[in-house]
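Report on the structure given below.
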Amino acid sequence: PARSLVAMGGPTTVFVRNLPYTCTDAGLEAAFGEIGPVKESFIVAEKGPGGRSKGFGFVQFALAEDAAAAVAKSKQFKVDGRPVTIDVAKQKPSARGGDRGGEKSGGG
């Protein structure tokens, strides 16, 4: 039902590639805040303390229209002077640990 729109993914969330490695979560939010109100944004980083940016991230807008406007600016929109590629984020099913049961197979 409508619950899926609350998670990262859906028509209000965009996937941003080609981000400069120096860009921070706050910098990403500030850049996309020029398009419209941002609810949440984060850059994907390597695991571990002080993990280095992988050069891509997600931005969730308050409105689907703002997300569509961002996608329309793909390759022309710049973050820290670098043109970025923007696509609608595709939601992964239970990407954030929704299923606690797991499929553990017994030894035999």
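The values are calculated or read from the model by the stated rules, or taken from the named source; none is laboratory data. Predicted, not measured: the structure shown is a model, and the values here were computed from it. Neighbour counts run over all protein chains shown; Cβ positions are idealised from the backbone, glycine included.
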(message) Give me the residue from segment 24-39 that is part of a loop (DSSP other than H, G, I, E, B) and modelled with pLDDT of 95 or more and, out of that set, surrounded by the most Cβ atoms within 10 Å (Cβ to Cβ).
(response) ILE35
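Starting from residues that are within 16 Å of ARG17 (Cβ to Cβ) and part of a loop (DSSP other than H, G, I, E, B), keep the ones in segment 82-108 and report whichever is modelled with the lowest pLDDT.
Restricting to residues being within 16 Å of ARG17 (Cβ to Cβ) and part of a loop (DSSP other than H, G, I, E, B), the top hit is LYS90.
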(request) Could you please find all residues in segment 1-20 being over 14 Å from ILE86 (Cβ atoms) and at pLDDT 95 or above? (result) PRO20
(request) State which residue pairs qualify: first residue part of a loop (DSSP other than H, G, I, E, B) and inside segment 40-51, second residue among the basic types (Lys, Arg) in any location, beta carbons under 9 Å apart, and separation of 6 or more residues or different chains. (result) GLU46/ARG52; GLU46/LYS54
(request) State all residues of segment 53-80 that are under 18 Å from LEU19 (Cα atoms) and of a type in the set (D, E, K, R); if no residue qualifies, say none. (result) LYS54, LYS73, LYS75, LYS78, ASP80
